[in-house]
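Since every read-out is calculated from the coordinates, none of them should be taken as a lab result. Fair warning: this is a prediction, and the values are worked out from it, not measured in the lab. Ideal geometry is used to build each Cβ from the backbone, glycine not excepted, and the neighbour counts take in all protein chains shown.
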Amino acid sequence: MEIPYTVEARPDTGLYNAKVGIWLFLASEVMLFGALFSSYILLRVNAPEGYWPHGWLNIPIGTCNTIVLITSSITTVMAWASLKMNQFGRFKFFHACTLCLALTFVGIKSYEYHDKFTHYSINLVGGKIADGHLVEKSNDFDLAKKSGYIVIHGHEVELANKQGDELQKELQKIYDLRSPEGRAVKHEELKIPAGEIASMETYGPWHNTYLAIYFTLTGLHALHVIGGAIVIGFLWGPGSKLWKTDPERFTNRIEISGLFWHFVDLVWIFLFPVLYLL
């Protein structure tokens, strides 16, 4: 039994089946990310004053990833256009470029995640907070037994007995790295004995509300990038055999995967300014 409208357009919608399906799927994706963006807005506007981070993300790296993803959208269009012009070799080239750019995006995002999981916030005995990236731990470091030491590249902030404007300025050294106080902080290597540490944790999603929503939004987006890359890789490799038997249907598949990829790109266009710039 042959399934109708796999190539020709349906008379009721003017679209073939796969395109109807992808638009319905993307509509559900808009609702998913829309709910998460709404959650971000509500969390931010209700955050206590001075406790919402600014400048915690690397803008040049985020900009680079934005360029990578936008370029991948261009190459996926070029791949589809190449098939429309019956140029299969050019399709293979542009689709390979799209796949490489997708993997580059994931690699850069992995580097950003690694940076957060090696960044420590350490509450010290006496009311100070040490904040910075891990340099080394001694072999005998054990926080429970209070043995050994840890070395970070960062700075200390004194919050004990601070109130009003004085407390606000100290908090800006941690939370608002774009403020004069945050920019004036000098980082150095700090050797901290385990006996002076009350508690410590990395900048993972458990650290605060900002990082929780950051990892949720960018993590879900990264999963979409990985899923799209798997589909692109299949269509570039074994899936491309369909070109020999049914070129029009194969071209439609490339168009459908391209629509999904443009959506992934569009989501990042919103994520980048919201998380990195604002």
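Note on the range 82-103: among residues that are touching a residue at least 24 places away in the same chain (Cβ under 8 Å) and under 22 Å from the mean Cα position of the chain (by Cα), the one that is nearest to Val68 (Cα to Cα) is Leu101.
Okay, residues lined up against (1) touching a Ser or Thr at 6+ places or on another chain (Cβ under 8 Å); (2) of a type outside the set (A, V, I, L, M, F, W, C):
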residue	(1), (2)
Ser199	no, yes
Leu217	no, no
Ile230	no, no
Ile256	no, no
His262	yes, yes
Asp265	yes, yes
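For the range 161-179, the tally of residues that are polar (S, T, N, Q) and either crowded, with 20+ Cβ neighbours inside 10 Å or within 20 Å of Tyr210 (Cα to Cα) (or both) stands at 3.
How about the range 82-192: which helices (runs of 4 or more DSSP H) wholly inside it have at least 1 residues that are within 30 Å of Ile226 (Cα to Cα) and of a type in the set (Ser, Thr, Tyr)?
Result: 88-117.
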